[in-house]
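Engineer: Before I ask anything, here is the structure I am working with.
The values are calculated or read from the model by the stated rules, or taken from the named source; none is laboratory data. Since the structure is predicted, the reported quantities are computational estimates derived from the model, not experimental observations. Cβ placement follows ideal geometry from the backbone for every residue including glycine, while neighbour counts extend to all protein chains displayed. All accessible areas refer to the heavy atoms of the entire protein, side chains included, with ligands and DNA or RNA removed. Shrake-Rupley method; radii C 1.70, N 1.55, O 1.52, S 1.80 Å.
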Amino acid sequence: MALALAILCFLCGNAFLPSSASSDSFLQCLSAMMPSQLVYQQSSSGFTSVLESSVQNPKFLTNTTVRPLCIVTASDVSHVQAAVRCGGWHGVRLRVRSGGHDYEGLSYRSVRPEVFAVLDLARVRGVRVVPGEGSAWVDAGATLGELYYTVGTTNPGFLFPGGACATVGVSGFISGGGIGLMMRKYGVGGDNVLDARIVNANGDVLDRAAMGEDLFWAIRGGGGESFGVVVAWRLKLSRVPPTVTVVNNLRTMEQRVADLLAKWETTILTPSLPDLTIRVVLQERHAFFQTFYLGRCSDLLRTVRGVFPELGMTAADCNEMSWLRAMAFIYFGNTNTPVEGLLNRTNSLGTYFKSKSDYVRRAVGRAGWESLFQQQLSRNGNMLMILEPHGGAVGGGNTKATSPYPHRRGVLFNIQYGSMWWGEANSTAAATALEWLDGLYGFLGQYATSNPREAFANYRDLDLGQNVVGRDGVSSYSSGRVWAERYFMGNYRRLAAVKAVVDPSDYFRNEQSIPPLPKT
């Protein structure tokens with residue numbers, strides 16, 4: 001999650017200008033309302049290590065990065081309330097960080113020079129599971145790996161349909177909608193929320209009944225950081241078979257990978273196969289088909305041989321295991337790492353990267369895939385594409401009522417593009433990597449959705465546009481449309497209407513937060 005501070009803003013109808021005096025009074029307010037050891041000022045010896053603790057991309061740790069006035073490492077909901085209230089009283093906005101995977105780093109940095117504080121929720125990460133019950137309360141600072149481990153060890157036979165990356169924060173995952181390997185069976189993450197607790201702009205804690213259904217709808221995929229600080233989620237857990245199967249198949253251009261992709265996009269993505277997910281990672285001259293099946297190998301082989309025999313899957317390829325072990329296998333890429341490894345929150349800052357996203361609603365076709373490899377991927381090994389299949393429960397039922405995630409009926413798959421480099425953020429290597437990424441993204445434009453060209457909110461991309469803050473201190477609704485209608489499509493207006501009710505002064509904002517809908 002990410003919350004921002006602008007130079008000029010209004011709170012409860014009163015304009016304020018952040019200054020050294022307001023910064024000092026904000027820090028004094030914090031010291032009066034929470035233990036001083038939880039607040040790391042820039043002069044504190046541990047400030048840098050705490051700031052870097054969950055940064056995932058080193059390009060946001062340069063000398064030019066706009067850094068926070070302080071970091072509040074809340075360990076209790078009362079500390080979150082104090083930070084919000086002190087910020088409101090003294091003109092300092094917050095950016096809220098759970099897992100720190102925000103692709104543009106907006107949970108701990110600002111694009112423009114401004115005064116802000118980071119509210120770090122890493123210490124607020126409890127997971128409360130009752131054996132045999134189909135729900136769990138999860139604090140906002142918990143990671144998906146911590147959730148998986150607790151559910152899998154305390155409540156075997158149940159799962160939560162999250163993503164493949166264990167260090168992603170639960171709150172950020174849900175706030176953007178949340179796609180993953182099990183969504184064809186169970187829906188996206190935002191579809192599986194039963195209740196939540198949010199701290200609003202007044203510093204009050206509201207549950208589902210108190211916040212109302214409009215706000216409850218908005219935070220489950222509409223960017224929770226736009227509306228307040230979600231501190232806990234009650235998640236629906238679903239039954240899972242005792243044995244699931246994971247298969248990894250690597251195929252090359254010489255093995256007619258374009259034909260395989262053409263068959264994959266036209267047969268595997270049907271709603272009639274919700275227990276079967278085959279996602280694909282494309283890099284250089286290879287396609288990595290990763291299969292996740294809710295059942296045993298024998299049933300998987302029977303299914304795949306009936307609809308996708310060209311893949312050549314065999315019993316020797318199968319890895320049968322529990323759901324929990326499967327999530328560890330998918331994340332670590334091997335069967336040797338124990339499931340306890342999912343609890344590791346340590347980040348790696350060795351690789352610089354930039355990501356973009358797309359949605360595809362009509363088949364690319366063999367010729368299109370062949371051109372993609374020949375003209376783009378095979379020319380640069382540091383680029384990759386991850387294809388996440390949709391269909392099934394993602395587009396079924398009354399999903400529009402449960403979550404603002406709009407990429408539903410008719411979507412074949414989501415694309416995540418990534419370009420990596422090593423070296424300084426402004427190096428020649430960086431410029432080359434970004435040029436390649438732009439070329440790849442431009443090439444796929446002929447196959448992706450249009451008007452708008454859809455994008456995934458959890459793969460945040462500032463290239464799509466940024467909010468413009470008006471003289472009244474409020475983000476412009478019209479400027480937000482440029483990027484928000486690509487993330488949220490027709491749900492943008494409703495999200496802005498919710499924002500206008502719960503945060504009309506736009507206290508909770510960043511470069512891509514939902515602006516309030518103007519009064520007519």
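Engineer: Looking for whichever is buried (at least 20 other Cβ atoms within 10 Å of the Cβ) and small (Gly, Ala, Ser) here; the options are 295, 221. Which one fits?
Structural biologist: Numbers: 295 fails: buried (at least 20 other Cβ atoms within 10 Å of the Cβ).
Going through 295, 221 in turn, just one is buried (at least 20 other Cβ atoms within 10 Å of the Cβ) and small (Gly, Ala, Ser): 221.
Engineer: Turning to a different aspect of this structure: Counting only residues that are at pLDDT 95 or above and of a type in the set (Asp, Glu), how many does segment 25-76 have?
Structural biologist: Selection size over segment 25-76: 1.
So that you can scan it fast, the table gives a plain yes or no per residue for (1) open to solvent by 70 Å² or more (accessible area, probe 1.4 Å); (2) within 21 Å of the chain's Cα centre (by Cα):
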{"site": "303", "(1), (2)": "no, no"}
{"site": "318", "(1), (2)": "no, no"}
{"site": "323", "(1), (2)": "no, no"}
{"site": "330", "(1), (2)": "no, yes"}
{"site": "336", "(1), (2)": "yes, no"}
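Engineer: On to the next question. Of all residues in segment 237-259, how many are open to solvent by less than 10 Å² (accessible area, probe 1.4 Å), out of contact with any His (no Cβ under 8 Å at 6 or more places or on another chain) and farther than 30 Å from residue 195 by Cα?
Structural biologist: 5
Engineer: Can you name the residue in segment 447-456 that is free of Cβ contacts under 8 Å to residues at least 60 places away in the same chain and over 22 Å from residue 188 (Cβ atoms) and, of all such residues, is least open to solvent (accessible area, probe 1.4 Å)? Spell out the reasoning first.
Structural biologist: Filtering segment 447-456 for residues free of Cβ contacts under 8 Å to residues at least 60 places away in the same chain gives 450-452.
Then keep just the ones that are over 22 Å from residue 188 (Cβ atoms); that gives 450-451.
Values: 450: 82, 451: 153 Å².
Going through the qualifying residues, I end up with 450.
Engineer: Assess whether residue 291 counts as being touching a Leu at 6+ places or on another chain (Cβ under 6 Å) and under 26 Å from residue 338 (Cα atoms).
Structural biologist: Numbers: touching a Leu at 6+ places or on another chain (Cβ under 6 Å): no; under 26 Å from residue 338 (Cα atoms): yes.
Here the answer is no, as residue 291 does not meet what is asked.
Quick grid of which residues meet (1) over 20 Å from the mean Cα position of the chain (by Cα); (2) assigned to a helix (DSSP H, G or I); (3) in the same structural domain as residue 104 (by the TED database):
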| site | (1), (2), (3) |
| --- | --- |
| 420 | no, no, no |
| 431 | yes, yes, no |
| 434 | yes, yes, no |
| 453 | no, no, no |
| 456 | no, no, no |
| 459 | no, no, no |
| 463 | no, yes, no |
| 467 | no, no, no |
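Engineer: Checking residue 152 against (1) open to solvent by 10 Å² or more (accessible area, probe 1.4 Å); (2) of a type outside the set (A, V, I, L, M); (3) within 10 Å of the chain's Cα centre (by Cα), which test does it fail?
Structural biologist: Every condition holds for residue 152 apart from (3).
Engineer: In addition: Quick check, is residue 68 within 23 Å of residue 226 (Cβ to Cβ), out of contact with any Phe, Trp or Tyr (no Cβ under 8 Å at 6 or more places or on another chain) and part of a loop (DSSP other than H, G, I, E, B)? Please lay out each step first, then the result.
Structural biologist: On the way: within 23 Å of residue 226 (Cβ to Cβ): yes; out of contact with any Phe, Trp or Tyr (no Cβ under 8 Å at 6 or more places or on another chain): no; part of a loop (DSSP other than H, G, I, E, B): yes.
No.
Engineer: OK, next. When the residues of segment 346-366 are narrowed to those that are touching a strand residue (DSSP E or B) at 6+ places or on another chain (Cβ under 6 Å) and of a type outside the set (A, V, I, L, M, F, W, C), which ends up most open to solvent (accessible area, probe 1.4 Å)? Show your work before the answer.
Structural biologist: So the first thing to find is which residues in segment 346-366 are touching a strand residue (DSSP E or B) at 6+ places or on another chain (Cβ under 6 Å), and the list is 351-360.
Right, trim to of a type outside the set (A, V, I, L, M, F, W, C) and you get 351-352, 354-359.
On the way: 351: 47, 352: 29, 354: 17, 355: 9, 356: 8, 357: 5, 358: 0, 359: 0 Å².
Once the filter is applied, the top-ranked residue is 351.
Engineer: Quick check on this structure: which one of 119, 106, 94, 144 is touching a His at 6+ places or on another chain (Cβ under 9 Å) and open to solvent by less than 10 Å² (accessible area, probe 1.4 Å)? Please lay out each step first, then the result.
Structural biologist: On the way: 106 fails: touching a His at 6+ places or on another chain (Cβ under 9 Å); 94 fails: touching a His at 6+ places or on another chain (Cβ under 9 Å); 144 fails: touching a His at 6+ places or on another chain (Cβ under 9 Å).
None of the other options fit; the residue is 119.
Engineer: Would you kindly identify the strands (runs of 3 or more DSSP E) lying entirely within segment 206-309 that contain at least 2 residues that are over 29 Å from residue 324 (Cβ atoms), hydroxyl-bearing (Ser, Thr, Tyr) and free of Cβ contacts under 8 Å to residues at least 40 places away in the same chain? Let's see the steps before the verdict.
Structural biologist: Details: elements: 229-236, 244-252, 276-283, 286-293.
Those strands (runs of 3 or more DSSP E) do not exist here; none qualify.
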